[in-house]
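To start, the structure under review is shown below, and the notes come after it.
Read-outs throughout are calculated quantities, based only on the coordinates presented, and are distinct from any laboratory measurement. The structure displayed is predicted, hence computed values, not measured ones. Note: ideal-geometry Cβ built from the backbone for every residue, glycine included; neighbour counts use all protein chains shown.
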Amino acid sequence: MITQQHLLQMLGDGEVHSGSELAASLGVSRAAVWKQLSQLRALGLEVNGEAGQGYRLGQPYEALDRATIQSALSASACGVLHSLNTLWECDSTNNVLLDGLNSEPLPAGIASVCLAELQTGGRGRRGRRWVSPPGGGVWCSVSWTWDAPPADLSALSLAAGAHVLRALQQLGCEGLQVKWPNDLLADGRKIGGILIDVQGDLAGPITVVVGLGLNLIVSDATRDQVNADGGQPPIGLYELGVTRSRNLVAADVVSALVDMLQNYAGAGFSRDKDFWCANDFLRNKPVMVSGSSALSGVAMGVNDQGYLRVVAEHGEQLVGAGDVSLRLNPQESVR
C-alpha cells in the first residue's frame, strides 16, 4: 500500500517525477498517487505540478537518519545516551518519551531521544498547534531524570533555549534571540520553541522531557497556516544561509540539550543567565503580560530563577508564567 513516506522519499531528490513513473514504482494507480500528493500538501509541504511533466517538491527533503544523527552527537551526549529513535509520525515526541518512561522508567543520569518526521499534535504557546510538516524542521525531545530536582528547575526552558541558541550561532546564524519564556527568534520571527514536561515527585526522583521544534524550511502553506492561527510569523534556519544538513543540525541541537541536562543539577541557570539576557528580545521594551493577571510595563531581563522582570507602574514585578507580547501602543501588540 502506498504511503506518504515512500512517496516523499521518491520526491526527495528534488527532480521532476511523472505521475506514471511514481505510480509504476509504487505499484499503485495514478489516482492513488494524486491522493497522497494532496495529503502531503495538506501537511504543509509544497508539491508543485509541472504541466505535462510531473511533480516536484518545492523545497529539498532529507529524511531523518538515526545512524547519521547518533554518530554526529557530542562525546558527552553519547556517554549518557540510552536510546535515540526516529519516527515517521507521532502525536508529539514529548508524549512518546513520556509514555515510554511510564512503562519503563530510566535511572537518573540517562538520556533518551526521540525525533519525528511528522507530529500530529505538536504543542506551541497558548495551546496553539505547532505546525511540523515532514522535512520542514527538527522536531525532537530529550528525557532526563534526577534523583532530586535541581534548584533552578523553573529556569530549565531558558537554559535549554540558551544552549540551542549557542549551537545555532556556531553554524554562522546572526540575528538570533531568545524570547521569554521559551521562544527562539531570528530577525524577530519565530525559528523555534521549547516545551518542558515534568513528571515525578518534587522530593525526587523527577523526570523532565525537553521538546524542541526548530524550523529549517517554512513553506508558504505553513506560513499561511501559522498566520491564520494567530502565531508569531515563522522563519526557517535555511533562510538564514545555513547549509548544514538536516541530520547534522539535529545532532547539534540534541547534543546541546543533552549536554545542558547532564550539567544542570550542578550549574543551574547561573552559567547561562548573562548569555540569555544579552540575547533577550524583550529587554528594555514595553510589554504586555496576559495570564492569571494582566500586567503592562518594561521588560528588564530575568532573575536567577528565570522569572521575567517587568518594571510596572508600582515597581518591579516578577512574572513566572503568562504570555508576553510587545506593547507598540495602547491598542496594538505583537506576540
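Neighbours of W144, meaning other residues whose beta-carbon lies under 13 angstrom from its beta-carbon, give a summed charge of -3 when Lys and Arg score +1 and Asp and Glu score -1. Around the amide H of V47, modelled in the peptide plane, lie the amide H atoms of G58, all under 5 Å away and 5 or more residues distant in sequence or on another chain. For the chain, the dipole from Cβ point charges (+1 on Lys and Arg, -1 on Asp and Glu) about the Cα centre works out to 500 debye, to the nearest 20. Taking the charge dipole of the range 182-327 about its Cα centre, with +1 at Lys and Arg Cβ atoms and -1 at Asp and Glu Cβ atoms, the residue from G193, Y264, V249 reaching farthest to the positive side is V249. For the pair A151 and Q305, label points projected 7 Å from Cα toward Cβ lie 1.3 nm apart.
Taking 0.36 nm per residue of separation and subtracting the Cα-Cα distance, full extension of the segment from Q9 to S290 would add 96.8 nm.
Between helix 30-42 and the chain there is an angle of about 10 degrees, using the helix long axis and the longest principal axis of the Cα atoms.
Residues of the range 46-65 with an amide N closer than 19 Å to a point placed 7 Å from the Cα of L248 along the Cα-to-Cβ direction: 60-65.
Straightening the chain between A75 and R41 buys 8.4 nm, computed as 0.36 nm per residue apart minus the Cα-Cα spacing. Summing charges over all other residues whose Cβ lies under 12 Å from the Cβ of Y307, with Lys and Arg as +1 and Asp and Glu as -1, gives -1.
Between Q170 and S29, the FRET efficiency estimated from the beta carbon spacing at R0 = 41 angstrom works out to 0.30. Based on DSSP H segments of at least four residues, each scored -39500 (n - 2.57), the chain has a per-residue ellipticity at 222 nm of -9500 deg cm²/dmol.
Since only L318, L214, S141 are under comparison, the one whose Cα sits farthest along the positive direction of the charge dipole of the chain, derived from C-beta charges on Lys, Arg, Asp and Glu, is L318. Among the trypsin sites (Lys or Arg not before Pro) found in the range 176-234, not one is both in a DSSP coil and sparsely packed, with 11 or fewer other Cβ atoms within 10 Å of its Cβ. Extending 7 Å from Cα along the Cβ direction at Q317 and again at Q225 yields two label points whose distance is 3.6 nm.
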